[in-house]
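S.K.: Here it is: the structure, laid out below.
The values are calculated or read from the model by the stated rules, or taken from the named source; none is laboratory data. All values derive from a computational prediction rather than experimental measurement. Cβ: placed from backbone, ideal geometry, glycine included. Neighbour counts: every protein chain shown. Side chains included, ligands, DNA and RNA excluded: accessible areas come from the protein's heavy atoms. Shrake-Rupley method; radii C 1.70, N 1.55, O 1.52, S 1.80 Å.
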Amino acid sequence: MQAKLTVHPAYTVGQVDKRLFGSFIEQLGRAVYHGIYEPDHPTADEEGFRGDVMDLVKKLGVPIVRWPGGNFVSGYRWEDGIGPRERRPRRPELAWGVIETNEVGVDEFQSWCKKAGAEVMMAVNLGTRGPDDARNLVEYCNFKGGTYYSDLRRANGFEEPFGIKTWCLGNEMDGSWQMGAKTATEYGRIAAEAAKLMKWTDPSIELVACGSSGIGMCGDWELEVLRHVYDHVNYISLHSYYGNPSGDTDSFLSVSLEMDRFIHSVCAIADSIKQVKRSKKTMYLSYDEWNVWFHSHGAPFEKWSVAPHQLEDVYTFEDALVVGCLLMTLLKNCDRVKMACLAQLVNVIAPIMTENAGEGGRAWAQTIFYPFMHASSYGRGIVLDGRLDCPTYDTTRVGAVPAVETCPVLLGDGSITIFAVNRSGQSEAVLECDLGAFGIARAVEHIVMAGHPMDAVNTADNPMNVVPDSCGNAAVKNGVLSAALPARSWNVIRAGV
Ligand code: AHR
């Protein structure tokens, strides 16, 4: 199969915002407790953060991490998580049916983020609480001192403000599963009022309004919410999760086309409100929850326990290919999608898995870890507006789908990365692309993930079962790159001047 990619230096999508490679940690399952935080673990530092997990997080290079939820945030009292640990209350956590001990709160989380080299993307509770609690949290985090909440932070040992720049106005407020779920009008009003108070407290912050919890809910929600919040916020959020319960690989590999349609739909709605308001401002998108999530659906856990195994999807090679396609879709929409969060980071639907300290204490990378790490490492540049000519195949889910997906990115040093997935289960594809106009003279590396059964996974005992290999055959001759993309493969082709 031939796949011809055409690119030109004059045709670009835009500069990638590094926050496109963000992630998410919710106070849920073993994401925080036994994930990032486990004082008994042999690698734990003086604050109780696991060093083995930190090392893996740093390999992913996540620049921003959303916290504390997710569904959790819609019942959260942030004041429970500050001050002396022995005085912090244990509470029934209604979103996930567990007990929250509050051992980790905002003070600890921002400290973990600093160690990880990441910013905090803070979500406020607009479910059971409202604008007053939200502005108090901004004051606690970002006010220098000399006021009640800023002095409370200083008394808790944090003299300097945390300087948290990005704030989410609630979470999935359109969903009936959400504590304090709202109609679009109710949410639009409360979000606008919270936004005003939060920005009056710290005018430098940026705000994200809740969009839809999935493409099936998109439309009227955004139209109504944006009428209320357009002038007050910088981003509208999108969430989506994908699965393959029926085992239809061809369809599953096509879900990135659904993600693309979702992004374009939200842009169209946002731009219609822009016109209605005669606004000069463009609304950007924050895709602050996205991933594959279905393997763990229905898995039992003990109700009202502390940090049980919840949402612990074990990811397959097939999932890694899907995540690769989704990453390319985000990159190809980088002119509008400025932030995105792989949901989540550790243990809970995550690229990083751990065992509890008492059960072996190992940490390892799941299959989806690798495409994310590659995109984060080699995808920070200018996305080129390429055109791909290749065969299509039919799927029950989205109809005709290109057999090959590519995304070319021009990096600051003049080199080019081409990410590519060959979706076909039948044939190898030969990718060809004339890069002469960019002065490209050589292939630097061709990383490949291929040759595994679709259900191959990594485990604590076999953590290197599905890993990438620099075994591809990409070559450049007279400025023309050619590379064989094996059937069902993830590829990272790096070419230099
Ligand atoms: O990431 C898991 C859950 O998915 C989040 O808590 C929620 O926002 C979404 O429905």
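S.K.: For V62, only one of the following conditions fails: (1) within 16 Å of the ligand (Cβ to nearest atom); (2) open to solvent by 20 Å² or more (accessible area, probe 1.4 Å); (3) more than 22 Å from G211 (Cα to Cα); (4) not basic (K, R). What is its number?
M.R.: (2) is the only condition that V62 fails.
S.K.: Is one or more of the residues making up the stretch 216-232 within 16 Å of the ligand (Cβ to nearest atom) and touching a Ser or Thr at 6+ places or on another chain (Cβ under 8 Å)?
M.R.: Checked the stretch 216-232: at least one residue is within 16 Å of the ligand (Cβ to nearest atom) and touching a Ser or Thr at 6+ places or on another chain (Cβ under 8 Å).
S.K.: Here's something else I'd like to know. List pairs: first residue in the stretch 294-305 and more than 21 Å from Y241 (Cα to Cα), second residue open to solvent by 60 Å² or more (accessible area, probe 1.4 Å) anywhere in the structure, Cβ distance under 9 angstrom, at least six positions apart or on different chains.
M.R.: Final answer for the pair search is F301/H309; W304/P92.
S.K.: Condition first: surrounded by fewer than 19 Cβ atoms within 10 Å (Cβ to Cβ), farther than 28 Å from D260 by Cα and in contact with a Lys or Arg (Cβ under 8 Å, 6 or more places away or on another chain). Now tell me which residues in the stretch 406-446 satisfy that.
M.R.: V444, E445
S.K.: Answer yes or no: is there a residue in the stretch 67-75 that is more than 16 Å from the ligand (Cβ to nearest atom) and either modelled with pLDDT under 95 or open to solvent by less than 10 Å² (accessible area, probe 1.4 Å) (or both).
M.R.: no
S.K.: Can you confirm whether the stretch 255-270 contains a residue that is charged (D, E, K, R) and within 16 Å of the ligand (Cβ to nearest atom)?
M.R.: Among the residues of the stretch 255-270, not one is charged (D, E, K, R) and within 16 Å of the ligand (Cβ to nearest atom), which makes the answer no.
S.K.: Still on this model: Output the number of residues of the stretch 256-283 satisfying the condition of being open to solvent by 80 Å² or more (accessible area, probe 1.4 Å) and of a type outside the set (K, R).
M.R.: Within the stretch 256-283, residues that are open to solvent by 80 Å² or more (accessible area, probe 1.4 Å) and of a type outside the set (K, R) number 3.
S.K.: Tell me which residues, restricted to the stretch 388-405, are part of a strand (DSSP E or B) and either in contact with a Lys or Arg (Cβ under 8 Å, 6 or more places away or on another chain) or of a type in the set (V, I, T) (or both).
M.R.: If the condition is that a residue be part of a strand (DSSP E or B) and either in contact with a Lys or Arg (Cβ under 8 Å, 6 or more places away or on another chain) or of a type in the set (V, I, T) (or both), then L388, D389, T392, Y393, T395, V401, P402, V404, E405 are the ones that fit.
S.K.: Inside the stretch 320-351, can you point out the residues that are within 16 Å of the ligand (Cβ to nearest atom) and under 18 Å from C267 (Cα atoms)?
M.R.: Listed by number, the residues that qualify are L326, M339, A340.
S.K.: Considering only the stretch 189-205, state which residues are surrounded by 20 or more Cβ atoms within 10 Å (Cβ to Cβ) and in contact with a Leu (Cβ under 8 Å, 6 or more places away or on another chain).
M.R.: I190, A191, A194, A195, M198, listed by residue number.
Yes/no matrix, rows are residues, columns are (1) under 24 Å from S212 (Cα atoms); (2) in contact with an Asp or Glu (Cβ under 8 Å, 6 or more places away or on another chain); (3) not small (G, A, S):
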residue: R50; (1), (2), (3): no, yes, yes
residue: G70; (1), (2), (3): yes, yes, no
residue: A95; (1), (2), (3): yes, no, no
residue: V98; (1), (2), (3): no, no, yes
residue: E103; (1), (2), (3): no, no, yes
residue: V106; (1), (2), (3): no, no, yes
residue: K114; (1), (2), (3): no, no, yes
residue: M122; (1), (2), (3): yes, no, yes
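S.K.: Can you pull out the residues in the stretch 16-59 that are open to solvent by 50 Å² or more (accessible area, probe 1.4 Å) and either within 16 Å of the ligand (Cβ to nearest atom) or not in a loop (DSSP other than H, G, I, E, B) (or both)?
M.R.: If the condition is that a residue be open to solvent by 50 Å² or more (accessible area, probe 1.4 Å) and either within 16 Å of the ligand (Cβ to nearest atom) or not in a loop (DSSP other than H, G, I, E, B) (or both), then K18, D55, K58, K59 are the ones that fit.
S.K.: Determine whether the stretch 480-495 contains at least one residue that is open to solvent by 30 Å² or more (accessible area, probe 1.4 Å) and over 29 Å from the mean Cα position of the chain (by Cα).
M.R.: yes
S.K.: Any residue in the stretch 241-250 that is touching a residue at least 12 places away in the same chain (Cβ under 8 Å), in contact with an Asp or Glu (Cβ under 8 Å, 6 or more places away or on another chain) and within 16 Å of the ligand (Cβ to nearest atom)?
M.R.: yes
S.K.: Just to be sure before I move on: is S377 more than 23 Å from C168 (Cβ to Cβ), modelled with pLDDT of 95 or more, more than 16 Å from the ligand (Cβ to nearest atom) and among the polar types (S, T, N, Q) in the structure I sent?
M.R.: So S377 passes the test.
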